[in-house]
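The values are calculated or read from the model by the stated rules, or taken from the named source; none is laboratory data. For clarity, every value in this text was computed on a predicted model and none was experimentally measured. In this analysis, Cβ positions are derived from the backbone assuming ideal geometry, glycine residues included, and neighbour counts consider all displayed protein chains. What goes into the accessible areas is simple: the full protein's heavy atoms, side chains included, and nothing from ligands, DNA or RNA. Shrake-Rupley method; radii C 1.70, N 1.55, O 1.52, S 1.80 Å.
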Amino acid sequence: FEPNVEGWCYWDDINIEFPENYDVYVNSLWKHGKFDSYGFTLHQNSDNYCAFQIKADGTAFYGKVVETKWVYEGSWKSKKANSSEMKKPNTQLVKVRAGNFSYYVNNNIVEEGNLGLNISGIGLRACGQQQVAFDNLKIINVDNDEIVFEESFETPSSKWAPSEKMIKQTYFENGEYIFRTNGDDCM
């Protein structure tokens, strides 16, 4: 993902049928740009979602949006993610058990709480002026150890819909999902 508008977040999302108890793994690597947030959302719809974010300075964050308004904005917690100097990928993990979640970055606990939403999808997200590569996404039903959804972006699932518009371009290259935009509004 390579958004180019300071102060805005961009994402691409897909619908998933989530079981009651599941784990979500998202692997990413910060490439370059300004240190802004990136990560993923678990959403009910575009107006109601939980954001699981990290920054290239090594901090991590959880926040929740209801009816387009931030109803919870946790504090950025330091030394949870790999910083840009380390040049190492980060693994975000959210464990959901009957609506309650535990959020980890590289096995470091960041936040625990209740989602409080009927989750029906997941979105990959990046904010500001930076480039981030997402190279693995996995959702596992922990009650039966079945994989609900897995995406390495080597041979992308048909659930993603890369497209090119005047203000947004998404495509797959070298096992990475690339997102570029010059828009001035969230997409």
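Of the candidates 75, 37, 84, 120, the single residue that is in contact with a Lys or Arg (Cβ under 8 Å, 6 or more places away or on another chain) and of a type in the set (Ser, Thr, Tyr) is 37.
Residues in region 45-55 that are surrounded by fewer than 17 Cβ atoms within 10 Å (Cβ to Cβ) and either in a loop (DSSP other than H, G, I, E, B) or touching a helix residue (DSSP H, G or I) at 6+ places or on another chain (Cβ under 8 Å) (or both): 46, 47. Residues in region 14-44 that are in a strand (DSSP E or B) and more than 18 Å from residue 103 (Cβ to Cβ): 14, 15, 29, 30, 31, 32, 33. Among residues of region 115-130 being within 14 Å of the chain's Cα centre (by Cα) and of a type outside the set (Val, Ile, Thr), the one that is farthest from residue 31 (Cα to Cα) is 121. Reported count of residues in region 101-136, each being touching an Asp or Glu at 6+ places or on another chain (Cβ under 9 Å), modelled with pLDDT of 95 or more and surrounded by fewer than 18 Cβ atoms within 10 Å (Cβ to Cβ), is 2. Within the bounds of region 90-100, is there any residue that is open to solvent by less than 30 Å² (accessible area, probe 1.4 Å), out of contact with any helix residue (DSSP H, G or I) (no Cβ under 6 Å at 6 or more places or on another chain) and hydroxyl-bearing (Ser, Thr, Tyr)? For region 90-100, residues open to solvent by less than 30 Å² (accessible area, probe 1.4 Å), out of contact with any helix residue (DSSP H, G or I) (no Cβ under 6 Å at 6 or more places or on another chain) and hydroxyl-bearing (Ser, Thr, Tyr): absent.
Quick one: is residue 143 free of Cβ contacts under 8 Å to residues at least 40 places away in the same chain, under 22 Å from residue 17 (Cβ atoms), more than 14 Å from the chain's Cα centre (by Cα) and open to solvent by 30 Å² or more (accessible area, probe 1.4 Å)? No, not satisfied.
Per-residue answers, yes or no, for (1) part of a strand (DSSP E or B); (2) closer than 26 Å to residue 150 by Cβ; (3) touching a residue at least 40 places away in the same chain (Cβ under 8 Å):
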position: 57; (1), (2), (3): no, no, no
position: 71; (1), (2), (3): yes, no, no
position: 80; (1), (2), (3): no, yes, no
position: 95; (1), (2), (3): yes, yes, yes
position: 112; (1), (2), (3): yes, yes, no
position: 124; (1), (2), (3): yes, yes, yes
position: 136; (1), (2), (3): yes, yes, yes
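Only residues that are under 18 Å from residue 153 (Cβ atoms) and either of a type in the set (Gly, Ala, Ser) or at pLDDT below 80 (or both) were counted in region 4-34, giving 2.
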